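Student: My structure is below; once you've seen it, I'll send some questions.
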Amino acid sequence: RRLVGWDEILQGGLAPGATVMSWRGTGGGITAAKAGHDVVMAPTSHTYFDYRQAPDEAGLGGSVIDLEKVYAFEPVPGELNADEAKHILGGQGQLWGELIPDQERREFMAFPRACALSEVLWSPRDSRDFGQFVAGLVEHLDRLRLVGVNYRPLDAALVESVMGSAKDFDY
């Protein structure tokens, strides 16, 4: 068994071998990693998929966490040296569903942001390119559509900025 707790567990001193889920930013994760504890980065700033995706959409929090912001997430903070960085196990996306009325809305809130977070967590930092990600996502959305996932359509301005034109794209 292994103790895993939200970053509040830092306030009372950590038990040996405890893993910290850093949700109130990355500071708790940095502190824990520097002290030799494993960390899962899950900050509200980038990984809370119950937060709104655009200013005019329903969702929690005052922040907007759009696709680009999720893709900009860096799970291993630059403040950590190589040995400390080994304690970052990865990251996690959250979708607190108690205020989301149904499965269709949960899918809308999760996708395609879960796709962006997956690429961030599974790809080396220097190989990530948001433009290439969006271009590939355009094709991937067809797969989601075929299996009936109610994803949030991409913004036309985003597609146009990456692909040059969105007029023939059914996003």
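Student: Which condition number does Trp122 fail, the rest of (1) at pLDDT below 95; (2) surrounded by fewer than 16 Cβ atoms within 10 Å (Cβ to Cβ) being met?
Tutor: (1)
Student: Suppose we filter region 55-92 for residues that are more than 12 Å from the chain's Cα centre (by Cα) and of a type outside the set (Gly, Ala, Ser); how many remain? Walk me through it before giving the result.
Tutor: Let us first name the residues in region 55-92 that are more than 12 Å from the chain's Cα centre (by Cα), namely 55-64, 76-89.
Narrowing the set further to residues that are of a type outside the set (Gly, Ala, Ser) leaves 55-57, 60, 64, 76-77, 79-81, 83-84, 86-89.
Adding up the residues that qualify gives 16.
Student: Between residues in region 142-159 that are within 12 Å of Arg113 (Cα to Cα) and residues that are open to solvent by 70 Å² or more (accessible area, probe 1.4 Å) and not in a loop (DSSP other than H, G, I, E, B), which pairs lie under 8 Å by C-beta distance while being six or more apart or on different chains?
Tutor: Close Cβ pairs satisfying both conditions: Tyr151/Arg145.
Student: I've got another one for you. Of the numbered conditions (1) under 15 Å from His87 (Cα atoms); (2) touching a His at 6+ places or on another chain (Cβ under 9 Å), Val70 satisfies every one except a single condition; which is it?
Tutor: All conditions pass for Val70, except number (1).
Student: Still on this model: Between a residue in region 12-39 that is in contact (Cβ under 8 Å) with a residue 24 or more places away in the chain and among the basic types (Lys, Arg) and any residue that is in a loop (DSSP other than H, G, I, E, B) and open to solvent by less than 40 Å² (accessible area, probe 1.4 Å), which pairs come within a Cβ distance under 8 Å, given they are 6 or more apart or on different chains?
Tutor: Lys34/Leu80
Student: List the residue pairs whose Cβ atoms are under 8 Å apart, where the first residue sits in region 106-121 and is free of Cβ contacts under 8 Å to residues at least 12 places away in the same chain, the second is surrounded by fewer than 19 Cβ atoms within 10 Å (Cβ to Cβ), and the two are 6 or more positions apart or on different chains.
Tutor: Note: pairs meeting the criteria are Arg106/Leu95; Arg106/Gly97.
Student: Here's something else I'd like to know. Just checking, does region 120-142 include any residue being part of a loop (DSSP other than H, G, I, E, B), under 13 Å from the mean Cα position of the chain (by Cα) and under 25 Å from Pro55 (Cα atoms)? Talk me through it step by step, then tell me what you get.
Tutor: Within region 120-142, the first condition is being part of a loop (DSSP other than H, G, I, E, B), and the residues that meet it are 123-124, 128-129.
Next, only the ones that are under 13 Å from the mean Cα position of the chain (by Cα) stay: none.
Within region 120-142, not a single residue is part of a loop (DSSP other than H, G, I, E, B), under 13 Å from the mean Cα position of the chain (by Cα) and under 25 Å from Pro55 (Cα atoms).
Student: Right, another one. Can you tell me which residues in region 19-54 are hydroxyl-bearing (Ser, Thr, Tyr) and either within 18 Å of Gly97 (Cβ to Cβ) or under 12 Å from the mean Cα position of the chain (by Cα) (or both)?
Tutor: If we filter region 19-54 for residues that are hydroxyl-bearing (Ser, Thr, Tyr), which is where we start, we get 19, 22, 26, 31, 44-45, 47-48, 51.
Selection gives Thr44, Ser45, Thr47, Tyr48, Tyr51.
The values are calculated or read from the model by the stated rules, or taken from the named source; none is laboratory data. In this text the structure is predicted, and so the values were computed from the model without any measurement. All Cβ positions, even for glycine, are placed from backbone atoms using ideal geometry, and neighbour counts span all protein chains on display. Just so you know, the surface numbers come from the protein's heavy atoms only, side chains and all, with ligands and any DNA or RNA stripped out. Shrake-Rupley method; radii C 1.70, N 1.55, O 1.52, S 1.80 Å.
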